[in-house]
Amino acid sequence: MTRKHSKLTVSLIAVILGVLVGCLILMITGRNPLNIFIALIRSLTGFSINNPARGVNIMYPLNWLLSSMPIILTGLSVAFAYRTGMFNIGGEGQYIAGALACATVALLVDLPPVVHTIACILAGAIAGALWAFLPGFLKAFRNINEVVICVMMNYIALYFNDWFVRSFLPIDPLTLARTENFPETVSLGNLGFGTASQFNWGVVFAIIGVLIFWFVMEKTTFGYSLRATGFNSEGSRYAGMKNRRNTVLSMMIAGAFTGVAGAIVIIGNYGYGRIFTTFDNFGFDGIAVALVGGSTAFGVLAAGLLFGLMAASETQFQILGIPSEISDLIQAAIVFFVAIQYGIKLILDFVDKKRINKKVKEVA
């Protein structure tokens, strides 16, 4: 009898296979696959293997963490909705709504330092939650597929943001392509330790998000009812749980995670309100992160750090003569192997069975 393999084991194997696919592509195109690992180690630790004399540059790991923060939050968003039977593909819209609400409070509301920043983050969370309300409501009370609604809401958010920014927020007269800079009372600080990195206190909100996800889902009766709704909607309804309420609330909580991501990016990375010409794709990255992380709090944290590392390493890839697209290719391969996890489990079970049979023969 073979043992059951955990999602963690399957995800780790998927990561290894994804990296190997990237190495294979580089070998086929005549490039050195070892450069992938040199670039990843440089971004992860700040140490350059091919030039040790440079020492350690802390800017690179800080940029890795900076890239990971919004991906972790959007991954939590998708994972939270998925655990309750919903597929939140509307992260891009919720992210933009959070960024817009954050910029509005920053530019139009006068508050003291720290309080102003917290108010902007809360505004982003509320806006993301409200933007996710409609897909959840229509799913719960009209049984309309949330995927269709979420996709439409993404584009509504994109164009609504541009109209609102140009109509109601002070535009920078020099560029006419963004708002004026946020006041000094709105800041996430800088933890770059003298480097050029924009790493900031937004990391605290990412950590808080992971802890909230874990506590609500694993340690509360509310989380249990949400998971029961996702696992068996009819069974949970028969047991007296409020499925419709759970569906709406799960989407709103998921939207709040993504709204916070939009807020910390707009404050920490830009410092002004944006006119979006296209999506940032953090919401879509969150889908992959949730899938690889097994829709658990700490699994999403690990997957978010991995995908953030890939994003942060793109510059290093180019320096070493590797196309930056190899990062997207590796991520896509990882997602592919996670998606066929049952095939991986069958292979692992077959290997275990062979090992057990061999031991039985040796004992006999």
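The values are calculated or read from the model by the stated rules, or taken from the named source; none is laboratory data. Fair warning: this is a prediction, and the values are worked out from it, not measured in the lab. Positions of Cβ are backbone-derived with ideal geometry, glycine not excepted, and every protein chain shown enters the neighbour counts. Surface accessibility is based on the protein's heavy atoms, side chains included, excluding ligands, DNA and RNA. Shrake-Rupley method; radii C 1.70, N 1.55, O 1.52, S 1.80 Å.
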Discussion item. Just to be sure I understand, how many residues within the range 312-333 are in a helix (DSSP H, G or I) and surrounded by fewer than 20 Cβ atoms within 10 Å (Cβ to Cβ)?
Written reply: 8
Worksheet entry | Residue list for the range 271-305, restricted to those being open to solvent by 20 Å² or more (accessible area, probe 1.4 Å), within 18 Å of ALA206 (Cα to Cα) and among the hydroxyl-bearing types (Ser, Thr, Tyr) | THR296
Worksheet item: Taking the range 133-149 on its own, how many of its residues are in a helix (DSSP H, G or I) and either open to solvent by 80 Å² or more (accessible area, probe 1.4 Å) or out of contact with any Asp or Glu (no Cβ under 9 Å at 6 or more places or on another chain) (or both)?
Response: 10
Item to complete: Select the helices (runs of 4 or more DSSP H) contained entirely in the range 1-120, then report the ones holding at least 1 residues which are more than 30 Å from LYS354 (Cα to Cα) and touching a Gly at 6+ places or on another chain (Cβ under 7 Å).
Response: 34-45, 59-83, 91-108
Practice prompt. Could you identify the single residue in ILE41, ILE49 that is at pLDDT 90 or above and among the hydrophobic types (A, V, I, L, M, F, W, C)?
Written response: ILE41
Worksheet, complete the sentence: In the range 169-206, residues that are assigned to a helix (DSSP H, G or I) and surrounded by fewer than 19 Cβ atoms within 10 Å (Cβ to Cβ) total 1
Worksheet item: Out of GLY90, GLY46, which single residue is within 26 Å of ILE212 (Cβ to Cβ) and in contact with a Pro (Cβ under 9 Å, 6 or more places away or on another chain)?
Response: GLY90
Item to complete: Report whether or not GLY189 is of a type in the set (Gly, Ala, Ser) and closer than 29 Å to LEU65 by Cα.
Response: yes
Practice prompt. Hey, could you check the range 211-263 for residues that are open to solvent by 50 Å² or more (accessible area, probe 1.4 Å) and either of a type in the set (Asp, Glu) or touching a Pro at 6+ places or on another chain (Cβ under 8 Å) (or both) and say which is modelled with the lowest pLDDT?
Written response: GLU234
